[in-house]
1. Which log10 I(q)/I(0) values does the stretch 252-296 give at q = 0.18 Å⁻¹ under the Debye formula, counting every alpha carbon as one identical point scatterer?
2. Kindly work out what percent of the DSSP beta bridges joining two residues of the stretch 88-175 are antiparallel, to the nearest 5.
3. Antiparallel versus total DSSP beta bridges in the chain: what percent is that, nearest 5?
4. Using the Kyte-Doolittle scale, find the helices of the chain whose mean hydropathy is at least -1.0 and whose Cα atoms extend 15 Å or more along the helix's long axis, counting only whole DSSP H runs.
5. On average, how much accessible surface per residue is there in the chain, in Å², for a 1.4 Å probe, leaving out ligands, DNA and RNA?
6. Any chance you could run the full-extension gain for residue 154 through residue 345? It's 0.36 nm times the residue separation minus the Cα-Cα distance, nm to one decimal.
7. Mind running the shape call on the stretch 154-279? Use the C-alpha gyration tensor, a ≥ b ≥ c as the square roots of the eigenvalues: rounded below 1.5 for a/c, prolate if a/b tops b/c, oblate otherwise.
8. Tell me the mean residue ellipticity at 222 nm calculated for the chain from its helices only (DSSP H runs of n ≥ 4, each -39500 (n - 2.57), averaged over every residue, nearest 500).
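The values are calculated or read from the model by the stated rules, or taken from the named source; none is laboratory data. Just so you know, these numbers come straight off a predicted model, no measurement behind them. For neighbour counting, all protein chains shown are included, and Cβ atoms are generated from backbone atoms with ideal geometry for every residue, glycine included. Accessible surface areas use protein heavy atoms only, side chains included; no ligands, DNA or RNA. Shrake-Rupley method; radii C 1.70, N 1.55, O 1.52, S 1.80 Å.
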Amino acid sequence: MTSRFDSPRAIITGGGCRLHAAELLFSMQAHRTLVVVDPFFATADFVDEIGSALNRQGIATDTFSNFQPDPTDQNVSDGAAAFSRLDADSIVAIGGGSALDVAKMIGAAAANPGPIAQFQGYHKISKPGPPLVAVPTTAGTGSEATKVAVITDTARNVKMMILDAKLMPTAAIVDYELTFSMPKPLTAHVGVDALTHGIEAYVSRKANPLTDPVALSCITKIHQNLPAAWADPQNAQAREAMSFAALQGGLAFTNSSVCLVHGMSRPLGLVFRLPHGLSNSVLLPTVTRFSWPGAEARYAEIARAIKLASGKNSDDMACEALTDWLDRLNNDLRVPRLRECCGDDIDRFRASLKKMATDALESGSPQNNPIVPQVSEIEELFEAAW
Ligand code: NAD
């Protein structure tokens, strides 16, 4: 078996490291940099500081913030127009997964004209985009270290998964201080999203010896720190560990894969307008309960790594302990049930089931799951999460 591990060329971590963005871009011979920044941070002092530091080095800048959470092809086109107006040669992306993904695709679109939908799927990007420095602010998606972007195709109402090694950021700057401002629900949803990355990377049919330790370390950090980061948003040690875990989750799944939770989460999020982290969070316990009999030993290793079980317990007891913990975690972090996310509208939910289940299976992610479900089983899983 051969294994391969891709990552950004440089990863910088630590409190305050956000200010390294300017020197990194300078070292990449940038002359004109598009700053793609989450609207939440558009007027933040540190973004000004990065811009001023770039300008002092003779690097021209412009800012693009006109995009939504779970971004669309239109957002990418608008950003690509801003990139071309500046005649930019580099990008710094600051924000959650949405900012990072839109920035990745602005770069891809700048190098490869044509509709964004042409890139949907695996390895469809011909020419690499410009150097990209990714500065995450949510401790969730790990997009700063993945070959993935998720963009909604507005014409077809489909969340496109775009996977290509050319989408790996050139550098990632992971500064946990940027996550202090997250409110509790966002901390919970993006934190369980990162946990989903760790678990799915570990149990995936594409898991490999290079991704396994990274995935387990991600899961362990989240087990130890997510409740503390949620309870006290200013807990620096917990925030730092969560930022690190999210980075590891991204590195693990991009070199292994995600599985059934992600397959189901994309259509669910699209139909009911749920943010990505929330749609993953509501599905994780139910999908884990369904999947563990397909890879009992792997799920049991996770349970033992986080000391929910010991070597004396059987694998199935360890798997039960793991799923019980996932239920408890959601409960403790006040993650709502699926029915609450869907406005308790059971008729609309049932009417959407077939399409959501079909789209989930067609996305390709469920094929990496320890148990590959039928469409009817995915419908049952949605019902079980309700
Ligand atoms: P997000 O980027 O969509 O942000 C969610 C909300 O939080 C936004 O309103 C944003 O303004 C706000 N926000 C961001 N940082 C904040 C902070 N520090 N304090 C307060 N508010 C803040 O959320 P996300 O979960 O990071 O990203 C979700 C997107 O990433 C989805 O589109 C999802 O499909 C995609 N995704 C991408 C990958 C990948 O590998 N590329 C992996 C998983 C998910």
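1. Per q value, in the given order, log10 I(q)/I(0) is -0.56.
2. Beta bridges within the stretch 88-175, antiparallel portion: roughly 40 percent.
3. Counting DSSP beta bridges with both partners in the chain, the antiparallel share is about 20 percent.
4. 45-56, 73-86, 97-111, 184-203, 212-231, 236-255, 260-272, 276-291, 315-332, 346-362, 375-385
5. Counting only protein heavy atoms, the per-residue value for the chain is 39 Å².
6. Using 0.36 nm per residue and subtracting the Cα-Cα distance, I get 66.4 nm.
7. oblate
8. -16500 deg cm²/dmol
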